[in-house]
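Structure first, then comments.
Coordinate-derived values only; no laboratory data. Predicted, not measured: the structure shown is a model, and the values here were computed from it. Positions of Cβ are generated from backbone atoms using ideal geometry, with glycine treated the same way; all protein chains shown enter the neighbour counts.
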Amino acid sequence: MEFSIKSGSPEKQRTACVVVGVFESRKPSLPAELLDNAAHGYLSDLLRRGDMEGKAGSTLLLHKVPGTEAERILLVGLGKEREFRENEYRAAITTTVRTLNETGGFDGTIYLTELPVKKRDVAWRVRQAVLVAEETLYRFDQMKSKKDEVRRPLRKLTFCVERRTELAAAEQALAEAQAISVSMNFMKNLANLPGNICTPTYLADQARALASEHGLLAEILDRAAMEKLGMHSLLAVAKGSHQPPQFIVVKYQGGKADEKPIVLVGKGVTFDTGGISLKPAPEMDEMKYDMSGAASVLAAIKAAALMKLPLNIIAVVPTVENMPGGAATRPGDIVTSMSGQTIEILNTDAEGRLILCDALTYAERFEPDCVVDVATLTGACVIALGGVVSGLLANNDGLARELLDAGHASWDRAWQMPLLDDYQEQLKSNFADMGNIGGRAAGTITAACFLSRFTKKYNWAHLDIAGTAWKSGKDKGSTGRPVPLLTHFLLARAGEKIAAGKSALAGRQ
Ligand code: BES
Ligand code: MN
Ligand code: ZN
């Protein structure tokens, strides 16, 4: 999709369709009033007669309205003005884009970006409009032999801003959002691919391709290299599979050579059967999404490269397939992790933490500024938080705050859970330094407690995206989360650096 930004009156737009909002009950938004004035009350007549109440989700398409230049006008219901907030704004954009895509015009000029949303500026409204538009139009049809073709698909969307002084901020927001949505689609495509195609080897190939496309450095460690490093916890998970494990490292150098990197670690279980602790059959297909953490960190580094952020970032992706089989790890097996700590694998389905712990130990060698891991780690997180917010746990409150803020800014929200020492007890093992499960109580927290034993040397945060990375049911598919959160975290870090650079300059003058 092609996007652009504009400022100008709605009645003068020569476009296939101008889109304006109507609040409930029958209250035109400001741009709708402008159109109405130019059309000598055509719209207000129509509202008075009851053709459009303004209920959220409703639309009314008008053709060749007198006094206006566009071929069509689309009225979009916004619901009650008092209740018009982030979710309502996003829903209005979804309705708009879906309707435009079905009405046969090639382009649309959208005035909804001028609507006030409490505490959100024009940059936010433009960014969200782009993300929601791309989300609405995304299709995963790579695996279909016949693709559904839209007869006259939408090609171009123009978002309007009220004042010319807002143009620069809106353009900047548009560029950021395009980088984010390209990267989200990259994540979604990887995550939606089935386990027979998206294997650890496939992910490694994708990482190499990503690196060559954006001038990044990719390094892939094979089984022998991992054995040498002593990653026996990770390797224990790969033992039941015919697919070889891969350890992917991708580096983006946008900052100075000596600047400490931000390390993003992503769980890359390309299919999680549970192993010998086999999962029940219903919905097991969804375990192809168990590499969403991996896909999201690769996507985040892609977004950073597209935006040329002045940061050093390293994505670390341990990737394996978790299968049962004659060579598979048994419940009760004890392995020595790369850190030297021993682990009793009481449940082979708690495999995410087993591959992440070795990746977290490996991350020490980068002397990171901070490490953020992203994982579809626990079913307990789906129970606790559902699909609304990601679970966040951290050993550093400043880092946690930054991620919470990034989630709020990008509307890809997270919620912090307590990483208290009191929970560590649940990981006690009679036979090794720790077990890999902590019982049913507080499953998301005990999983994070397990990881925290491998992250003592740096500031670390963990995002459990088991509930937010994909949708089940009829809209089954990857959501592209938490790419917006991660990207905003990086953007904020980059913004701080630029601001600090400027004030240092100012100080010198
Ligand atoms: N990949 C799953 C977590 C998961 C489950 C994500 C359901 C999304 C939906 C993870 O590897 C897993 O199986 N976790 C176990 C841990 C348990 C054995 C301690 C779980 O949550 O049941
Ligand atoms: Mn599992
Ligand atoms: Zn898993």
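Odds and ends about this structure:
- Entries of K302/K428; K64/K476; K147/K474 with Cα pairs more than 29 Å apart: K302/K428; K64/K476
- Each residue of segment 224-234 was assigned a 3J(HN,Hα) from its phi angle through the Karplus curve 6.51 cos²θ - 1.76 cosθ + 1.60 (θ = phi - 60°); the sequence is 4, 5, 5, 4, 4, 7, x, 7, 6, 6, 4 Hz, with glycine and proline shown as x.
- Scaled against 2.2 N^0.38 Å for its residue count N, the alpha carbon radius of gyration of segment 464-509 is 1.95.
- Assigned charges on the beta-carbon of Lys, Arg, Asp, Glu; segment 1-64 dipole about Cα centre (debye): 80
- For segment 252-257, putting each phi into the Karplus relation 6.51 cos²θ - 1.76 cosθ + 1.60 with θ = phi - 60° gives couplings of 10, 10, x, x, 6, 4 Hz, in residue order, rounded to whole numbers and with x for Gly and Pro.
- Calculated SAXS-style log₁₀ I(q)/I(0) at q = 0.11, 0.16, 0.18 Å⁻¹ - segment 299-449, Debye, Cα scatterers: -0.50, -1.05, -1.29
- A Cα-only calculation for segment 295-373 places Rg and Dmax at 15.9, 49 Å.
- Listed peptides 78-89, 169-180 by packing density, highest first (mean Cβ within 10 Å): 169-180, 78-89
- In the chain, helices alone account for a calculated mean residue ellipticity at 222 nm of -12000 deg cm²/dmol, with every DSSP H run of four or more residues adding -39,500 (n - 2.57).
- Directionally averaged shadow of the chain, computed from the convex hull of its alpha-carbon atoms, nm²: 26.3
- Most positive-pole-ward Cα, N347, A257, A504, against dipole of the chain from beta carbon charges: A504
- Note on the chain: antiparallel DSSP beta bridges, both residues inside, total approximately 45 percent of the bridges counted.
- Residue among G332, L356, A305 farthest towards the positive dipole end of segment 267-390, charges placed on Cβ: A305
- Cross-link table K6/K497; K118/K188; K118/K457; K119/K288, entries beyond 32 Å C-alpha to C-alpha: K118/K457; K119/K288
- The alpha carbon centroids of segment 472-509 and segment 296-330 are separated by 19 Å.
- Using the Cα coordinates of segment 347-417, the gyration tensor eigenvalues translate into equivalent-ellipsoid semi-axes of 21, 19, 8 Å, sorted from longest to shortest.
- For segment 2-161, the Cβ-based charge dipole about the Cα centre amounts to some 260 debye (Lys, Arg positive; Asp, Glu negative; other atoms uncharged).
- Dipole-positive endmost among G480, F84, L393 within the chain (Cβ charges, Cα centre): F84
- Projected onto their three principal axes, the Cα atoms of segment 2-161 cover extents of 50, 36, 29 Å, largest first.
- Less than 5 angstrom separates the built amide H of V117 from none of the residues sequence-distant by 5 or more or on a different chain.
- Beyond 30 Å in Cα-Cα separation lie the following of the pairs K260/K502; K228/K260; K80/K308: K80/K308.
- What separates the Cα centres of segment 14-29 and segment 357-398 is a distance of 43 Å.
- Amide H within-cut-off set for T348, under 5 Å, with H built and near neighbours excluded: S277
- Simple point charges give the picture: +1 on the Cβ of Lys and Arg, -1 on the Cβ of Asp and Glu, and for segment 338-383 a dipole about the Cα centre of about 60 debye.
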